[in-house]
Amino acid sequence: MIAVEQVWKRYRRRGSYRTLREVVTERLSRPFGRPDPPRRGEEDFWALRDVSLEVTRGEAVGIVGPNGSGKTTLLKLLAGISLPTRGRIAVRGRIASLIELGAGFHPELTGRENVFLNGAILGLPRAEIRRRLDEIVAFAEVGPFLDLPLKRYSSGMVVRLGFAVAASADAQVLLMDEVLSVGDARFQQRCLGRMRELRQKGATVVLVSHSLPTVGLFCERALWLQRGGVAACGPAGEVIGAYQREALWTERRPDEKSGRAQGGDLLVVEGVRLLNGAGEETQQFLYREDLQVRLAYTCRERLMRPAFTLTVRGGEGRIFQASMLLDGSRPDCLEGPGEVECAFRGIPLAPGSYHVVASVRAADGVGYLMFPQVVGYFTVAADLLNYGWTAETAPACLPEVAPVIVSHEWRFHARSRASI
């Protein structure tokens, strides 16, 4: 459905504006077809550099990366809003996009008028829009405000209306940017549920989001963009883990002046590996799968009886931990570089995104040799069969699920009215 082949996108940043007279004079002084030479104070900015991607029918692909990495630029190229400087882009089928807040809407028009305007932009006939108007208004929940000017709407209402129109367009390709984060949690779950329905009908979804748990749970594959280029492309869990790990170590890179790692003291974590029960390095686990955490460290001096603590945290805060202060497994002495491993057997975690926090206490159990810091990230995949969920019910169930699911058994017992 989507083919992106060696695409480059350039923007020219100018040090000063040129007048129309200057532009015409320069153009007439050179043969037509020859590119404009860089002016003084100008430089080329390549928003995308040699990006390639293929997306098949019914697939969901997430695009992740830091701000300014080219995510929205790529989405605009896919939507046909702008053209690539080099390379080729081919998209099959009708496209529905929600890229920027308020794009395709006019603030002076009413919500009703903007539905018809935005629907026309997406290629829907007026009769079709009129037939689906009630469905669009009900999904967006803007009924009492439908005939008010859009400038009176909140940002969340604008997003709801825009998504409702885009989702009703029967598009074969759905392009979604970070604008979904403007909506509340309930509406985000409804949007994910609607996108799952569209995928079941064969629609292809490309999702740009900084919400890595959303990408991990909804998308099979992920594309990581870094400085306009492709840093990684593959299974969503692996790409998200690599991206989070890179962000962690970039932030903790040693200070150029002092040569000491940010957040480190007498002991510094140099690297982390997360492995499953088979010893394979991964960032995506299943419910009740083993998790092994291996930390590579360097001691700046000889440390007596240090106590390591590894804590698994999620959106609810601390979930569980392993602490040498409690289990009495401290080493007598550590010196120089080394590696420590901790194995968690059968992690009872529900689907979601989690991170590992490491800290090291001194021999007295009070002072820190290394203050608590995030050392790794991982996700637990939504195995729908194990939970008895379906693609339709999973988005509604996830917000209600506690982070820890312990082994349990349900039983029913008959009783008589006399025992009440």
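Of note:
- Listed by first and then second residue, the pairs linking a residue in segment 220-246 that is free of Cβ contacts under 8 Å to residues at least 40 places away in the same chain and within 21 Å of residue 59 (Cα to Cα) to a residue that is acidic (Asp, Glu) and assigned to a helix (DSSP H, G or I), with Cβ atoms under 8 Å apart and 6 or more places separating them unless they lie on different chains, are 232/238.
- Extreme residue, modelled with the highest pLDDT, among residues of segment 51-86 that are of a type in the set (Val, Ile, Thr) and farther than 22 Å from residue 200 by Cα: 51
- Of residues in segment 87-101 being closer than 18 Å to residue 204 by Cβ and not in a strand (DSSP E or B), the one modelled with the highest pLDDT: 92
- Identity of the residue in segment 183-225, aliphatic (A, V, I, L, M) and assigned to a strand (DSSP E or B), that ends up nearest to residue 69 (Cα to Cα): 225
- Being within 23 Å of residue 62 (Cβ to Cβ), buried (at least 16 other Cβ atoms within 10 Å of the Cβ) and among the aliphatic types (A, V, I, L, M) holds for only one residue in 137, 142, 115, 205, and it is 205.
- Among the numbered conditions (1) loosely packed, with under 15 Cβ neighbours inside 10 Å; (2) part of a strand (DSSP E or B), the only one that residue 358 does not meet is (1).
- Some residue of segment 76-84 being buried (at least 19 other Cβ atoms within 10 Å of the Cβ) and more than 30 Å from residue 244 (Cα to Cα): no
- Long-range neighbours under 8 Å by Cβ, at least six apart or interchain, first residue more than 13 Å from residue 195 (Cβ to Cβ) within segment 159-180, second assigned to a strand (DSSP E or B) and modelled with pLDDT of 85 or more: 172/95; 172/204; 177/208; 178/208
- Qualifying residue in segment 155-177 (condition: over 25 Å from residue 209 (Cα atoms) and either outside the structural domain of residue 203 (by TED's automatic domain parsing) or not acidic (Asp, Glu) (or both)): no
- Residue count, segment 299-329 (criterion: farther than 13 Å from residue 342 by Cβ and buried (at least 16 other Cβ atoms within 10 Å of the Cβ)): 6
The values are calculated or read from the model by the stated rules, or taken from the named source; none is laboratory data. Keep in mind that this is a model prediction, so the values were computed, not measured. Backbone-built Cβ (ideal geometry, glycine too); neighbour counts: all protein chains shown.
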